[in-house]
Amino acid sequence: MSLKKQAARGGFWISLTTTGTSVIDFFVFAYLARILSLEDFGLVAFCMIFIEFVNIAINSGVNQNIVQRKVWDPNYASSTLVYVVSLAILGSMGLILVGSPIAYYTYSHEAAYVLMSLAPITILISMQVVFNGKLVREFKNKQMGVVRFITSLVSATLIIALAELDYGLWSLVIGRLFSAGLELLLMSYIANFKPKLYFNKEDRKELREFCLPLLGSALLASLNKKASILFTGLVLGPAKFALLNAAKRGETMINQITMTSINSMVVPSFSRAKKGANVGDLYIKLVVITATLVIPIFMGLAAISDPLVTVLFGDKFSESAEFMAISAFAMFTSIIGWFFPTLLVSQGKTGDAFKLNIINIVTNLIIVAATIWFGIKIMLISIVIGGFLIMPLRFKVVAKHVPINIKKLILSLIPSYFSALAMFAIVISSKRFLSELIPYDILLLISLIILGFVSYLAINFIFFNRHTLSQVTEIKEMFGKH
């Protein structure tokens with residue numbers, strides 16, 4: 001099998017299994033949201049943010065370094081594993097000896113115990129990195145995906161069973177630890193690699209030189225995604241954190257299934273564009289196709305947020321519905337700039353790609369830090385407005401290397417944006433009428449989804465028939481078997 005086919009098949013399996021694990025994780029999240037208190041639910045999720053940051057700080061770039069080496073060297077792999085696990089042990093001890101006392105005296109006693117219990121996850125995750133790198137370089141994406149799906153399914157069963165036995169928030173803590181341990185065992189088995197206790201100081205130098213530049217980008221990207229919920233937890237407490245976290249959960253799952261999949265399959269083509277090709281026009285085409293597929297999903301999410309939250313999370317999370325609806329409108333600008341960094345990287349402009357990330361994170365942090373004191377609603381509205389205000393600056397950075405016809409882009413996006421907003425208005429106005437006719441939330445939800453789907457298609461074909469047929473053709477070519 002050719003390298004191209006191996007990569008394509010690997011990308012397909014990663015996308016497929018990611019969808020499966022995302023759906024499982026989402027339903028476990030919804031189940032726990034129903035049976036745990038807001039405080040308990042938010043507390044564990046809030047502590048997990050700090051575990052994730054430590055994992056990023058330790059493991060960023062290590063996997064890529066294993067993959068990019070021309071020859072697999074068992075001694076180098078063992079040396080890498082010893083180095084990374086050593087850092088993970090230090091990170092875990094830092095969480096226990098420094099993070100937990102801080103949490104104990106500034107947040108809550110229970111937060112300290114939860115953080116201490118979750119700390120070993122950093123060691124278990126670090127032990128997976130070398131095995132993952134070996135599997136990726138051998139294009140065993142299918143096996144990796146299956147392992148992650150099985151791990152997610154088994155740990156989900158364990159979490160639900162423990163929750164039913166009244167373990168409360170500790171069901172989630174135990175489930176997280178079990179998931180990390182099981183995935184390590186399965187990954188090490190299929191990787192067919194037995195590391196030894198070996199360390200070479202020269203390998204440490206190579207790892208630092210390769211991984212440090214990637215570490216900054218990874219931390220910035222993670223902080224950018226987590227800024228709003230992190231500040232919410234720090235300023236407003238675990239209950240408000242749980243409400244916002246629930247509101248963001250649907251958005252995260254949709255992004256993993258749609259945007260991440262599109263990114264992995266389409267964006268790499270920029271670097272292989274034929275000489276003389278108009279990369280700016282290719283980018284416009286990508287954004288328009290993405291908007292056609294994704295914008296109606298988010299506008300539909302905004303329109304049905306209240307019955308959706310009630311059905312999935314229960315009445316105690318009803319406040320999350322408004323947060324979910326507001327957040328959905330941020331996608332109007334997010335879709336336009338989602339692939340900007342990748343576009344610049346594909347053109348070899350990594351410096352400006354990093355500058356874009358800096359602009360995004362600094363802007364986001366300033367907005368969040370300044371507005372969270374006025375409540376979550378004000379903060380989310382400010383984030384949406386900030387996305388529109390900062391867009392000209394982002395275009396300016398990209399335009400230095402890839403000229404994009406902004407007028408053409410806006411005109412090309414009008415059909416999908418208009419149709420999605422019109423669909424939103426139809427569903428919102430119909431919801432009041434249908435809620436009186438349909439007393440059950442689940443039936444109301446299904447009816448609204450069908451109404452949104454039909455109305456979006458109808459508006460597109462009635463008002464933008466030529467554009468819609470063109471997009472259908474593009475999508476067929478993108479995902480077709482040729």
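The values are calculated or read from the model by the stated rules, or taken from the named source; none is laboratory data. Small disclaimer: the values here were computed from a predicted structure and weren't measured. All Cβ positions, even for glycine, are placed from backbone atoms using ideal geometry, and neighbour counts span all protein chains on display. Side chains are part of the model used for accessible areas, which takes the heavy atoms of the whole protein and leaves out ligands, DNA and RNA. Shrake-Rupley method; radii C 1.70, N 1.55, O 1.52, S 1.80 Å.
Side notes on the structure shown:
- Of the residues screened, PRO101 is one that is open to solvent by 10 Å² or more (accessible area, probe 1.4 Å) and over 25 Å from the mean Cα position of the chain (by Cα).
- Every condition in (1) at pLDDT below 90; (2) crowded, with 17+ Cβ neighbours inside 10 Å is met by THR371 except one, and the failing one is (1).
- Candidates in the range 29-69 are the residues that are closer than 22 Å to LEU124 by Cα, of a type in the set (Val, Ile, Thr) and open to solvent by 10 Å² or more (accessible area, probe 1.4 Å); of these, the one that is modelled with the lowest pLDDT is VAL67.
- Residue within the range 436-454 that is open to solvent by less than 30 Å² (accessible area, probe 1.4 Å), over 27 Å from the mean Cα position of the chain (by Cα), closer than 22 Å to VAL309 by Cα and not charged (D, E, K, R) present: yes
- Check on ASN200, at pLDDT below 85, over 28 Å from the mean Cα position of the chain (by Cα) and at positive phi: no
- Checking the stated criteria, ALA369 turns out not to satisfy the condition of being more than 19 Å from the chain's Cα centre (by Cα) and closer than 24 Å to GLY250 by Cβ.
- Of the candidates PHE178, PHE149, the single residue that is assigned to a helix (DSSP H, G or I), without any contact (Cβ under 8 Å) to a residue 60 or more places away in the chain, open to solvent by 50 Å² or more (accessible area, probe 1.4 Å) and within 24 Å of LEU32 (Cβ to Cβ) is PHE178.
- Of the criteria (1) farther than 30 Å from GLY314 by Cβ; (2) open to solvent by less than 40 Å² (accessible area, probe 1.4 Å), which one ILE366 fails: (2)
- If you check ILE390, ILE404 for being part of a helix (DSSP H, G or I) and open to solvent by less than 50 Å² (accessible area, probe 1.4 Å), only one passes: ILE390.
- Test result for SER334, open to solvent by less than 20 Å² (accessible area, probe 1.4 Å), within 18 Å of the chain's Cα centre (by Cα) and within 20 Å of TYR417 (Cβ to Cβ): no
- Meets criteria (hydroxyl-bearing (Ser, Thr, Tyr) and within 26 Å of the chain's Cα centre (by Cα)) for TYR417: yes
- Residues of the range 456-470 classified as polar (S, T, N, Q) and open to solvent by 40 Å² or more (accessible area, probe 1.4 Å), total: 2
- The range 445-461 residues that are over 17 Å from GLN471 (Cα atoms), paired with ones that are hydroxyl-bearing (Ser, Thr, Tyr) and not in a helix (DSSP H, G or I) (beta carbon under 6 Å, 6 or more apart): none
- First in the range 232-244 and within 20 Å of HIS109 (Cβ to Cβ) and open to solvent by 10 Å² or more (accessible area, probe 1.4 Å), second anywhere and part of a helix (DSSP H, G or I) and of a type in the set (Ser, Thr, Tyr), Cβ under 8 Å, 6 or more apart: LYS240/THR232
- Residues that are outside any loop (DSSP other than H, G, I, E, B), aromatic (Phe, Trp, Tyr) and open to solvent by 20 Å² or more (accessible area, probe 1.4 Å), drawn from the range 292-331: none
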